[in-house]
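Every read-out reported here was derived from the displayed coordinates using simple, explicitly stated rules and does not represent laboratory data. If you're wondering where the values come from, they're calculated on a predicted model, not measured in any experiment. Virtual Cβ from ideal backbone geometry, glycine too; neighbours counted across all protein chains shown.
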Amino acid sequence: MSELTSYVVWDKVTRWFHWLNVLCFSGLVVVGLVILNASDLGVNNAGKVTLKTIHTLLGYLFTVNLSWRIVWGFIGNRYARWGAILPGGVGYLYTLRRSIKALVSHQPEKYLGHNPIGRLSVALMLLLMIIQAITGLILSGTDLFYPPIGHWIAEWVAAVDVDPALLEPYTPKQYDTANYEIMRSYRKPVGVVHLYTFYLLLATVILHVVAVIMAELRDGGGIISAMITGRKIFNERPIDDDTHD
């Protein structure tokens with residue numbers, strides 16, 4: 001039997017991002033589902049405002065965490081950088097085909113970082129998270145008049161005799177009816193994108209978790225524990241290990 005070797009893979013920033021992202025996403029899913037079903041659950045307007053406020057605050061944390069991860073993709077260790085995470089680059093299609101063939105033949109290749117198939121999943125989740133963050137910020141501005149665009153939305157929809165800075169959600173008497181309806185018409189497609197991106201992201205995350213668990217049970221390597229310890233353990237040299245070159 002080959003000797004087990006421990007490799008340093010994920011740095012602290014990457015691990016912190018991952019678990020904070022898990023917490024934020026879980027909270028956003030729970031609160032978001034309650035908001036979607038607020039009418040059936042008998043939630044009144046005050047309750048909706050509270051739920052949307054919690055959702056927005058979680059969304060801010062989610063967005064800041066995601067933004068920092070994007071920056072870290074340029075300055076983190078080799079496995080945290082975009083060149084090792086996103087699909088593309090010289091020889092990527094070749095390694096992708098080879099990785100798929102190895103998986104189909106039940107002899108998956110071992111990687112320290114993300115394998116070529118995993119990089120496709122990461123790219124999709126990253127794109128969906130960016131869309132969710134952007135549309136969520138827009139919606140928080142149109143619903144609660146929160147930054148970054150809430151100030152301009154409030155000035156747009158406030159009635160003539162109402163101070164935009166004092167505008168309150170779900171208070172139609174404070175709004176200019178015509179401008180508010182126009183604003184809501186612009187808001188609607190953003191809400192649709194946010195909703196369906198949420199469903200797609202949720203499905204992608206579930207598939208990602210299932211794939212990680214299956215890979216852990218089938219191949220070992222400590223894929224899950226590596227996001228806690230930063231290390232992976234293999235009994236043979238991973239393909240992307242260049243420490244001995």
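Ranked for footprinting exposure by Cβ neighbours inside 10 Å, fewest first, T204, T135 give T204, T135. Just need the Rg to Rh number for the range 74-196, please, alpha carbons only, Kirkwood Rh. That ratio is 1.28, to two decimals. The relative contact order of the range 5-234 comes to 24 percent, based on Cα pairs under 8 Å that sit 6 or more residues apart. Free of any GluC sites (Glu not before Pro) that DSSP assigns to a loop and that have at most 12 other C-beta atoms within 10 Å, the longest stretch within the chain is 4-235.
Note on the chain: helix-only mean residue ellipticity at 222 nm, from DSSP H runs of 4+ residues weighted -39500 (n - 2.57) and normalised by residue number, equals -22000 deg cm²/dmol.
For the range 125-192, the list of chymotrypsin sites (Phe, Trp or Tyr not before Pro) that fall in a loop by DSSP and count at most 15 other C-beta atoms within 10 angstrom reads Y170.
Its Cα gyration tensor gives the chain an equivalent ellipsoid; the semi-axes, largest first and in whole Å, are 45, 17, 16. Screening the chain for DSSP H helices whose Cα atoms reach 24 Å or more along their own axis and whose mean Kyte hydropathy is at least 1.0 gives 12-36, 116-143.
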